[in-house]
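Colleague: One structure, as structure tokens, below. Some questions next.
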Amino acid sequence: MDQKRALVTGITGQDGSYLLELLLSQGYEVHGIIRRSSVFTTDRIDHLYEDPHEVGRKVILHYGDLTDSAVLRRVIDRAQPHEVYNLGAQSHVKVSFEEPEYTADVVAMGALRMLQAVLDYREKSGQDVRVYQAGSSEMFGSSPPPQGADTPFHPRSPYGVSKVAAHWYGVNAREAYGLFLCNGILFNHESPRRGETFVTRKITRAVGRIVEGLQTKLFLGNLEAKRDWGFAGDYVKAMQLMLQQDEPGDYVVATGTCHSVRDFVEEAFGCVDLEWEKYVEVDPGYFRPSEVHVLQGDTTLCWERLGWKAEVDFPNLVRMMVDYDVTLARQEGIMRTAGHHMAVRGAASI
Ligand code: NAP
Ligand code: GDD
């Protein structure tokens, strides 16, 4: 194969940005679908942006949306991808209770639209296409830990239900049409590029701002929930590895360890020698109508088949995020002193 081409939905998201870096480092030409917005949403990939006038560029962005099948078909025709990574999603669990129908449209129907577009392109062009579908440990929901390849799904949110539908649409395309489709069932993965309303980043952002005197309180919901938290930069490697195997399959991707939200808080405030109890308050407004209490992945298959395991452990993940957010808050403080009362948003330097 001469030039390997990938198409990535959700390229402006946390994972999309790390995956873009990984694919470029391996020589891919990468096409990404971005949504039109009244403000720029490309902060996380701005450092990789290439002007359309550049000859031989490797990053090509297309406007599109997972709710619009015509544009998905058009972009696939233009990109002619060998690999498609479907990462686009309304990915916030709590928000999915507020917007269940929209979440289903993007997460479940969006995955189906993408599969249909790939299948039609494959038939028309005669070119093989491999597909990665971003599944989630939220699909396991209330099934007890450790959750592995054989654990039954019992989702606890409209988001989780939609991801289960996307999972089975993928399995069906594999069984019915022989599509090379891999479902990656990824447990929570974080980074300094994590969206600021997910609990880990909400905590580390607050720690940075408290240290800099920009904030005095942090309001959180359920401190007892437990998650298997890893580093997003590690997890995108597993996605790409899945599509390089001889046979398609579904994989659980996790660290195999598990910590509570309270543990994360303790660790993060500990990084800057602050007593978290002085700053953190529980606000039931952040509780979910139905909670996923414990997620802890069984990593056996991923290790045996892909040779993949998480490299960044819990303390180093927390430290990486706190260090980044302390620097970010310092910049915000400087800007405030200069009279700019605007939050400095997370840039993509880590
Ligand atoms: P994220 O940071 O929230 O990024 C989501 C991406 O999807 C963004 O690029 C967003 O675009 C895009 N998007 C949202 N709605 C869309 C639509 N209607 N059409 C096209 N694109 C749309 O999520 P992430 O953490 O990178 O996660 C990537 C994927 O993995 C998601 O499918 C998520 O559900 C799944 N996942 C994540 C985790 C995790 O712990 N991070 C674990 C398991 C599974 P904008 O930038 O314009 O908003
Ligand atoms: N967001 C948030 N905000 N969560 C809080 C808060 C808060 O103030 N306080 C406590 N939590 C608890 C939530 O109730 C949940 O149990 C846990 O912290 C983690 O919440 P999130 O960080 O929002 O992540 P999530 O586990 O619900 O979903 C993430 O991981 C999934 C994989 O398991 C998202 O990235 C999903 O897209 C992903 O599929």
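No value in this document is a laboratory result; all are computed from the given coordinates. Remember, it's a predicted structure, so these values are computed and weren't measured experimentally. Cβ placement follows ideal geometry from the backbone for every residue including glycine, while neighbour counts extend to all protein chains displayed.
Colleague: Before rounding to the nearest 500, sum -39500 (n - 2.57) across all DSSP H runs of length at least 4 in the chain and divide by the residue total; then give [θ] at 222 nm in deg cm²/dmol.
Modeller: On the way: 10 runs with 128 residues, N = 350.
Mean residue ellipticity at 222 nm (helix-derived): -11500 deg cm²/dmol.
Colleague: Full-extension gain between residue 127 and residue 330, please, as 0.36 nm times their residue separation minus the C-alpha to C-alpha distance.
Modeller: Full extension of this stretch gives 68.0 nm more.
Colleague: What distance in nm lies between label points placed 7 Å from Cα along the C-beta direction at residue 74 and residue 37?
Modeller: Placing both labels 7 Å beyond Cα along the Cβ direction yields 2.2 nm.
Colleague: Another question, then. Can you give me the P(r) profile for the range 27-114? Cα pairs, bins 10 angstrom wide beginning at 0, each as a whole percent.
Modeller: 15, 43, 33, 9, 1
Colleague: Here's a follow-up. If you take the alpha carbon radius of gyration of the chain and divide it by 2.2 N^0.38 Å, what ratio comes out, to two decimals? Mind showing how you got there, number by number?
Modeller: Values: Rg = 20.2 Å, N = 350, 2.2 N^0.38 = 20.4 Å.
Compactness ratio reported: 0.99.
Colleague: Using mean Cβ contacts within 10 Å as the protection proxy, how do 122-134, 183-195, 40-52 order, highest first?
Modeller: Descending packing order for the listed peptides: 183-195, 122-134, 40-52.
Colleague: Over the range 200-316, what relative contact order in percent results from Cα pairs under 8 Å that are six or more residues apart? Walk me through the numbers on the way to the answer.
Modeller: Numbers: 148 pairs, mean separation 47.5, N = 117.
RCO, the range 200-316: 41 percent.
Colleague: Another question, if that's okay. Label points 7 Å out from Cα along the Cβ direction at residue 300 and residue 25: separation in nm?
Modeller: 3.1 nm
Colleague: Expressed as a whole number of Å, what is the distance separating the alpha-carbon centroids of the range 211-279 and the range 32-54?
Modeller: 27 Å
Colleague: What FRET efficiency do you get for residue 2 and residue 47 if R0 is 25 Å and r is their Cβ-Cβ distance, rounded to the nearest 0.05?
Modeller: Calculated transfer efficiency: 0.40.
Colleague: Same structure, new question: Towards the positive end of the charge dipole of the chain, with charges on Cβ (+1 Lys, Arg; -1 Asp, Glu), say which of 7, 52, 103 has the farthest Cα.
Modeller: 52
Colleague: Report the residue, chosen from 340, 167, 62, that carries the largest GNM mean-square fluctuation when the chain is represented by alpha-carbon nodes joined by springs under 10 Å.
Modeller: Highest fluctuation of the listed residues: 340.
Colleague: Between residue 281 and residue 319, what is the label-point separation in nm under the 7 Å Cα-to-beta-carbon projection?
Modeller: With each label point 7 Å from Cα toward Cβ, the separation is 3.3 nm.
Colleague: Additional query: Would you look at the GNM of the chain, springs on alpha carbons closer than 10 Å, and say which of 55, 84, 164 moves the most?
Modeller: 55
Colleague: Then there is this: With springs only between Cα atoms under 10 Å apart, run a GNM on the chain and tell me which of 261, 318, 207 wobbles the most.
Modeller: 261
Colleague: May I ask you to list the residues of the range 265-302 whose amide nitrogen lies under 17 Å from a point 7 Å from Cα along the Cα→beta-carbon direction of residue 217?
Modeller: So the set is 276-287.
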